[in-house]
């Protein structure tokens, strides 16, 4: 068969949104090692080259996935009355996103060039808010983000156990409150 390069192996093509949906499902099912361009193309029924019309490489795919998954983290948070309230809203949403898609977080850890876009915006916003309440905003940003990662990854282990998941979420909120109390104490 004489097929132009980058064209779908079957069907009429693939949309970026379909690529991201399939990639997130593959990542959630198989982990970072299972998300390859070849595996994704096979799942979508296209040639691997057709994916490169939508994402430049594997790191670009992870950036696009993180932009999609973490987009909700910043929604509605900016403009809250107090920096602490906004910090709490952002970190609670981020914690939930990490818990829903832990393999994405782990894949970004393993691919530092994937850290950009919305994940960078979240980090920058946290830094700006923390600069309003502490002389060590970078230190506290790292502590709070690492806490959200660790607790979010633990939350993922409660998949299928709603009672345990609720308890872990409550524990996270309590610990976050204590950290922010310490941070904002006179």
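The values are calculated or read from the model by the stated rules, or taken from the named source; none is laboratory data. All of these numbers come straight from a predicted model, not from anything done at the bench. Using ideal geometry, Cβ is built from the backbone for each residue, glycine included, and neighbour counts are taken over all protein chains shown.
Within the range 128-158, track down each residue that is outside any helix (DSSP H, G or I) and in contact with a helix residue (DSSP H, G or I) (Cβ under 7 Å, 6 or more places away or on another chain). Scanning the range 128-158 gives 132, 133, 134, 158. Residues in the range 97-118 that are outside any loop (DSSP other than H, G, I, E, B) and either in the same structural domain as residue 25 (by TED's automatic domain parsing) or surrounded by fewer than 17 Cβ atoms within 10 Å (Cβ to Cβ) (or both): 5 in all.
Does residue 135 meet the test of being loosely packed, with under 15 Cβ neighbours inside 10 Å, at pLDDT below 90, under 16 Å from residue 183 (Cα atoms) and assigned by TED's automatic domain parsing to the domain that holds residue 173? Judged against the criteria, residue 135 is not a match. The helices (runs of 4 or more DSSP H) found wholly in the range 17-84 and carrying at least 1 residues that are crowded, with 20+ Cβ neighbours inside 10 Å and in the same structural domain as residue 131 (by TED's automatic domain parsing) occupy 58-74. Set side by side, the residues 121, 88 differ, and just one is farther than 23 Å from residue 168 by Cα and assigned by TED's automatic domain parsing to the domain that holds residue 140, which is 121. Within this structure, residue 178 passes the test of being over 20 Å from the mean Cα position of the chain (by Cα) and either exposed (fewer than 15 other Cβ atoms within 10 Å of the Cβ) or touching a residue at least 60 places away in the same chain (Cβ under 8 Å) (or both).
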